[in-house]
C-alpha cells in the first residue's frame with residue numbers, strides 16, 4: 001500500500017526524528033486536525049506522502065514545513081502513533097542543511113518588532129528557521 | 001532383557017540405494033536385547049506386515065524396531081500390525097532411515113553407519129518402552145451453547161437436527177443478540193428481524209433444544225465428554241409457566257429505566273421484554289429499578305396480570321448439568337468512542353455510534369422508526385459518517401480492522417436516503433473493505449446511486465454551532481480541507497470483545513488474544529476449535545465478523561460438536577504424563593506450565609514418622625494431557641515423567657546414538 | 001598429556017545430535033528428505049513431542065557421551081503445537097547456553113533453532129552451518145567422558 005522510495009532527505013528525516021513514514025497509511029487525520037492548513041500549500045499528510053515518494057525538490061520549495069506551528073495536534077491524532085511534529089522538524093532541518101546560510105535572523109526584523117515580540121517567540125523563531 | 005525384533009526395509013531402492021541393508025541387519029543382531037533381525041523390500045505392504053506379525057509370534061518378541069520411512073508416515077501402520085499380533089502397539093519404535101538418512105546423504109559409506117546408529121537408538125529406546133493404553137472416556141450426549149445470538153442459534157439448530165440435546169444459555173432475557181438490534185442486513189437489505197425471528201422460534205420449539213434465558217454460566221469443571229457446568233438461572237420475578245405474553249404488565253408499569261437494547265437512547269419499563277419479538281416472550285423485572293423491590297410500593301404488574309404470573313418471591317436457581325461439548329458464542333460489543341475528544345461523542349445528542357443510528361430505523365426503536373435528530377426531532381438532511389473510529393488505530397484504539405463497518409455504513413447511507421429522500425451522506429473513509437460475496441457491488445451502489453459523497457480522509461474536529469455540527473475534515477485525494485455543517489454524525493466505532501470475555505475465558509479455560517477475542521487452535525486450519533478439547537468457539541467472540549461468516553462458523557462448530565458427541569467413547573492421548581506422588585515436592589510448577597490445565601493440585605495422605613500427614617502433590621488428568629512434556633522438563637524433583645517419551649527413553653536414545661561404532 | 005595422543009576422538013568425524021520436535025522441526029527434516037536436500041551425515045536426529053520437553057540434562061548427556069555439537073529445533077514462537085512449549089524452551093535453553101559458557105564450555109556447540117514443518121531447506125541449511133561450525137571448533141574434549149566410548153567399544 002505504501003511505497004517507500006529511498007531518498008537522502010527521507011533517511012535524514014528518519015534519523016533525525018526516529019519516525020518511519022512507511023507506517024503512514026495516508027488517512028489524513030493529521031491534516032484534518034491541523035489548525036493552520038489554510039496557509040499551507042501542501043497538507044501535512046501530503047508532506048509525508050512526498051517523503052514516501054522521495055519528492056525532495058517539491059518539499060524543498062514547499063511553504064508547509066514553515067507554516068507548521070508545532071502545536072502537536074497531528075501527533076496526538078495520528079492512529080499510527082507517528083510523531084508528525086517531530087517529522088516536520090526533521091524536514092525543516094533537512095531543508096536548512098541544504099541551504100546556504102540561515103533563513104531568518106534579527107536583521108529580518110524591524111527594531112519595533114524586535115522590541116514588541118516576546119523573547120520566547122524570538123528564540124524559538126530563530127531556532128526554527130536557522131541551522 | 002527384552003526380546004527385540006529388528007526389521008529393516010529396503011523401500012524398493014529408496015533406502016537400499018544409499019544404505020547397505022545387509023550391514024545394518026548384521027549390526028542390529030549385535031545390539032543388546034535383539035534376538036531377531038531381518039529385512040524386506042516393502043515392509044509397509046501387507047506381505048511385509050505379515051512378516052512382522054509372524055516373527056512376533058515365532059520368536060516371542062516383546063519389542064519391535066522397524067528401520068523404515070518417517071514415523072510420521074507409517075508409525076500407525078506398524079503399530080496396528082503389532083497390535084494385531086498381540087503386542088501392545090506402544091512397544092514398537094521406528095528408526096527413520098529414509099527421510100532423515102538415505103534421502104539426504106549421497107555416500108553409502110556415510111549413510112550406512114548413520115542408519116546403524118539410528119536403528120541402535122530406536123532399539124535402545126524400545127527397550128525402555130512400556131505398554132500404554134489410550135484412555136477411554138465416556139461422552140455425555142448433550143451440548144451446551146453459551147450465547148444466544150445468531151451464532152449460538154445456528155449452532156444449536158444444527159446440533160439439535162443431528163439428534164442431540166442442546167442447552168442454550170443466554171444472559172439477556174431474550175435470545176437474538178446483535179442481529180435483533182439491526183434493521184436491515186447487507187448486502188441483501190433483508191429485514192434482519194424477518195430472517196432472524198423464524199430461527200428464534202425454531203429454537204424455542206425444537207424438541208431437542210432447551211432455552212435458558214436470563215441465565216449465566218457460573219462454573220465449568222471436568223473435561224471433554226464430561227463438562228460439569230453450574231448455571232445460574234436469574235430470577236425473572238415472573239412465572240414463565242403462567243405468563244401468556246400479553247404485555248399488560250409492562251404497559252402499565254410506571255417506572256422507566258434506560259433501555260440496554262437501545263444503548264440508553266430511550267427507556268424501557270422496570271418490568272420489560274427487551275424487544276417485541278423477544279423469545280421467550282416472558283418479561284423480566286429489573287429489581288434495581290422496580291419500585292416494589294426498591295421501595296416496597298406499587299405492585300401494579302401483579303395486580304394487572306390476568307394470569308397471576310408475577311412472582312416477587314422468585315429466587316435465582318442454580319442448575320448443575322453435565323455436557324459432552326461446549327460452544328462459546330458470546331458475541332461482541334461496540335466500542336464507546338468517548339475517548340476520542342475530537343469527535344465529541346457524548347457531548348451532543350446528535351453524535352451517534354453506528355448501532356445507535358441503526359436503531360433509529362427500527363419501528364420499535366427510540367424514535368419509533370423515524371429518522372430524526374435527538375436534539376430537535378427534525379429529520380437530518382446532512383449526515384456525516386466517519387469510518388475507523390477506534391479501528392486500525394495503534395495509538396488510541398484497536399490495531400485491527402473491525403471488518404463490518406465499511407459495509408454497514410454503506411447500508412446505512414442507503415437506508416437514510418430511502419427514509420429521508422432529500423438527505424445527503426458524507427462518508428469519511430481511509431480504505432473501503434468490501435471483500436464478501438456481493439459486497440463490492442453493494443458498496444458501489446451506495447456510492448453511485450444514493451447521493452453519498454465518499455471522502456477519502458478523516459475528521460479532525462467536530463463541534464456544535466447554532467443548531468448544526470461543524471465537521472472539519474480533509475479529502476486526501478484532492479488535498480482539500482473540507483468543512484461540513486452536518487445535522488448528524490455517525491461514528492463507525494470499533495467492534496470489540498465483550499468486557500467480561502476474560503471472565504468467560506477463565507471459567508472455560510480457554511485463551512484469548514491481546515484484544516480478548518478467544519483464540520482458535522490454529523488460525524488457518526482449526527478456526528472453531530480451542531486448545532481446550534471439547535470447547536469450541538463461533539462468531540464474533542473469536543474476531544469481528546459479519547453474519548454469513550458467523551453462520552458458517554457456527555455450522556462448523558456444530559459439526560465438530562456432533563462428531564464428538566457421536567462417539568461411544570473418546571480416545572485420549574496415550575503418551576501422557578504421570579506423577580510419582582511419593583517423590584513429588586508439591587511445587588506445582590508443572591501445573592503452571594501445562595497449556596491444557598491437565599495438572600492439578602491434590603491432597604494425599606502419607607505415612608510419615610509413625611503418623612499420617614496430608615500433603616499437596618501434583619496430579620495429571622490423563623484425559624486432558626496432550627503429551628507435550630513441558631511439565632516433565634520443568635520438574636525440579638524429576639518426579640513427573642512422560643510416557644512414550646520418558647527421561648529413561650530419551651537418555652537411552654542419546655547414549656546409543658552417540659556410540660561411534 | 002598422553003591422553004591427547006591416544007584420544008580416539010581425534011580424527012573421527014564430529015557428531016551432532018539434533019533434538020527435533022515432532023510437529024515442526026522433525027516434519028521440516030522429513031521435508032528436507034522428501035525434497036532430496038543434502039546435508040552432512042554427522043547430524044543425527046532424536047524425536048521429541050515438543051522442544052519444551054528438552055531437559056538440559058539431555059544436552060549435557062549428549063556432550064558427555066561424546067557429541068561435539070547439540071542442536072534443539074522447535075516450532076517458531078507463537079506456532080507451538082502445544083501453544084506454549086517453545087516459550088519455555090526458549091527461556092530455559094538460552095539461560096542454559098549462558099550456563100555452559102559460564103562453566104567454561106564453548107557455548108557455540110549448543111544451538112537452538114526455530115524451524116517450521118514447511119522449512120525443509122532451512123533445516124538442511126542449518127545442519128550444514130552447524131556441521132561447518134563444529135568442524136572448525138574441533139572435537140568436544142571438555143565434556144566428553146572417554147570412559148563411555150572405551151567401555152562401549154570394548155563390549
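The values are calculated or read from the model by the stated rules, or taken from the named source; none is laboratory data. None of the values given here were measured: they were computed from a predicted structure. In this analysis, Cβ positions are derived from the backbone assuming ideal geometry, glycine residues included, and neighbour counts consider all displayed protein chains.
Taken over region C:38-57, the criterion of being at the interface with chain B (Cβ under 7 Å from one of its Cβ atoms) and in contact (Cβ under 8 Å) with a residue 60 or more places away in the chain is satisfied by C:38, C:39. So, in region B:596-641, how many residues would count as being under 28 Å from residue B:571 (Cα atoms), outside any loop (DSSP other than H, G, I, E, B) and out of contact with any strand residue (DSSP E or B) (no Cβ under 8 Å at 6 or more places or on another chain)? Number satisfying all stated conditions: 3.
None of C:90, C:65, C:61 is at the interface with chain B (Cβ under 8 Å from one of its Cβ atoms) and in contact (Cβ under 8 Å) with a residue 12 or more places away in the chain except C:65. Evaluated against (1) within 10 Å of another protein chain (Cβ to nearest Cβ); (2) within 22 Å of residue B:394 (Cα to Cα); (3) touching a helix residue (DSSP H, G or I) at 6+ places or on another chain (Cβ under 8 Å), residue A:22 falls short on exactly one condition, (1). Among the residues examined, residue A:30 does not qualify as under 15 Å from the mean Cα position of the chain (by Cα) and farther than 23 Å from residue A:5 by Cβ. With respect to (1) assigned to a loop (DSSP other than H, G, I, E, B); (2) without any contact (Cβ under 8 Å) to a residue 12 or more places away in the chain, the lone exception for residue C:81 is condition (2).
I'd like the residue in region B:424-467 that is under 25 Å from residue A:31 (Cα atoms) and in contact (Cβ under 8 Å) with a residue 60 or more places away in the chain and, out of all such residues, is farthest from the other protein chains (Cβ to nearest Cβ). The extreme case among them is B:464.
From B:584, B:590, grab the single residue that is crowded, with 21+ Cβ neighbours inside 10 Å and part of a loop (DSSP other than H, G, I, E, B). Among B:584, B:590, only B:584 is crowded, with 21+ Cβ neighbours inside 10 Å and part of a loop (DSSP other than H, G, I, E, B). For residue B:332, the criteria (1) within 13 Å of chain A (Cβ to nearest Cβ); (2) crowded, with 16+ Cβ neighbours inside 10 Å; (3) under 30 Å from residue B:531 (Cα atoms) hold in every case but one, which is (1). Only residues that are over 18 Å from residue B:447 (Cβ atoms) and surrounded by 22 or more Cβ atoms within 10 Å (Cβ to Cβ) were counted in region B:380-391, giving 4. Answer yes if at least one residue in region B:259-271 is in a loop (DSSP other than H, G, I, E, B), without any contact (Cβ under 8 Å) to a residue 60 or more places away in the chain and surrounded by 17 or more Cβ atoms within 10 Å (Cβ to Cβ), and no otherwise. Yes: one or more hits. Within region B:118-140, take every residue that is farther than 20 Å from residue C:18 by Cβ and surrounded by 17 or more Cβ atoms within 10 Å (Cβ to Cβ) and give me the one that is modelled with the lowest pLDDT. Only one residue tops the list, namely B:137.
Screening region C:27-45 for residues that are crowded, with 24+ Cβ neighbours inside 10 Å and touching a strand residue (DSSP E or B) at 6+ places or on another chain (Cβ under 7 Å) and picking the one that is farthest from residue C:81 (Cα to Cα) gives C:43. For the residues A:84, A:53, the requirement of being under 12 Å from the mean Cα position of the chain (by Cα) and under 21 Å from residue B:478 (Cα atoms) singles out A:84. Residues in region A:30-44 that are touching a residue at least 24 places away in the same chain (Cβ under 8 Å) and either more than 7 Å from every other protein chain (Cβ to nearest Cβ) or in a loop (DSSP other than H, G, I, E, B) (or both): A:30, A:34, A:35, A:36, A:39, A:40, A:44. In this structure, residue B:179 does not qualify as more than 22 Å from the chain's Cα centre (by Cα) and in contact (Cβ under 8 Å) with a residue 60 or more places away in the chain. Within region B:622-634, identify whether any single residue is more than 30 Å from residue C:140 (Cβ to Cβ), away from chain C (no Cβ under 13 Å), touching a residue at least 24 places away in the same chain (Cβ under 8 Å) and buried (at least 23 other Cβ atoms within 10 Å of the Cβ), and answer yes or no. The answer is no; no qualifying residue exists.
Restricted to region C:8-20, and to residues there that are at pLDDT below 95 and in contact with a helix residue (DSSP H, G or I) (Cβ under 7 Å, 6 or more places away or on another chain), the residue that is farthest from residue B:94 (Cα to Cα) is C:8.
Consider residue B:97 carefully, then state whether it is crowded, with 19+ Cβ neighbours inside 10 Å, in contact with a strand residue (DSSP E or B) (Cβ under 8 Å, 6 or more places away or on another chain), within 11 Å of chain C (Cβ to nearest Cβ) and in contact (Cβ under 8 Å) with a residue 40 or more places away in the chain.
Yes, satisfied.
Contact map, region A:74-94: residues that are within 8 Å of chain B (Cβ to nearest Cβ) paired with residues that are in a helix (DSSP H, G or I) and crowded, with 23+ Cβ neighbours inside 10 Å, Cβ distance under 8 Å, separation 6+ or inter-chain. Pairs shown: A:77/A:29; A:77/A:30; A:77/A:32; A:77/A:33; A:78/A:29; A:78/A:30; A:78/A:84; A:79/A:29. Restricting region C:48-104 to residues that are within 14 Å of the chain's Cα centre (by Cα) and closer than 21 Å to residue C:120 by Cα, the residue that is surrounded by the most Cβ atoms within 10 Å (Cβ to Cβ) is C:51.
Do the conditions hold for residue C:114, that is, is it in contact (Cβ under 8 Å) with a residue 24 or more places away in the chain and away from chain B (no Cβ under 14 Å)? It is true that residue C:114 is in contact (Cβ under 8 Å) with a residue 24 or more places away in the chain and away from chain B (no Cβ under 14 Å). Does residue B:19 qualify as being touching a residue at least 24 places away in the same chain (Cβ under 8 Å), within 25 Å of residue C:20 (Cβ to Cβ) and touching a strand residue (DSSP E or B) at 6+ places or on another chain (Cβ under 9 Å)? Considered against the rule, which asks whether it is touching a residue at least 24 places away in the same chain (Cβ under 8 Å), within 25 Å of residue C:20 (Cβ to Cβ) and touching a strand residue (DSSP E or B) at 6+ places or on another chain (Cβ under 9 Å), residue B:19 comes out as yes.
When we screen A:116, A:128 for residues that are more than 23 Å from residue A:17 (Cα to Cα) and at pLDDT 85 or above, the only hit is A:116.
Residues are listed down the side, and each one gets a yes or a no for (1) surrounded by fewer than 23 Cβ atoms within 10 Å (Cβ to Cβ); (2) under 35 Å from the mean Cα position of the chain (by Cα); (3) under 30 Å from residue B:146 (Cβ atoms):
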| residue | (1), (2), (3) |
| --- | --- |
| B:458 | no, yes, no |
| B:462 | no, no, no |
| B:485 | yes, no, no |
| B:500 | yes, yes, yes |
| B:511 | yes, yes, yes |
| B:523 | yes, yes, yes |
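Residues considered: B:195, B:168. Of these, the only one that is surrounded by 20 or more Cβ atoms within 10 Å (Cβ to Cβ) and modelled with pLDDT of 95 or more is B:168.
Among strands (runs of 3 or more DSSP E) entirely within region B:292-354, having at least 1 residues that are closer than 28 Å to residue B:145 by Cα singles out B:317-323, B:325-328, B:332-334.
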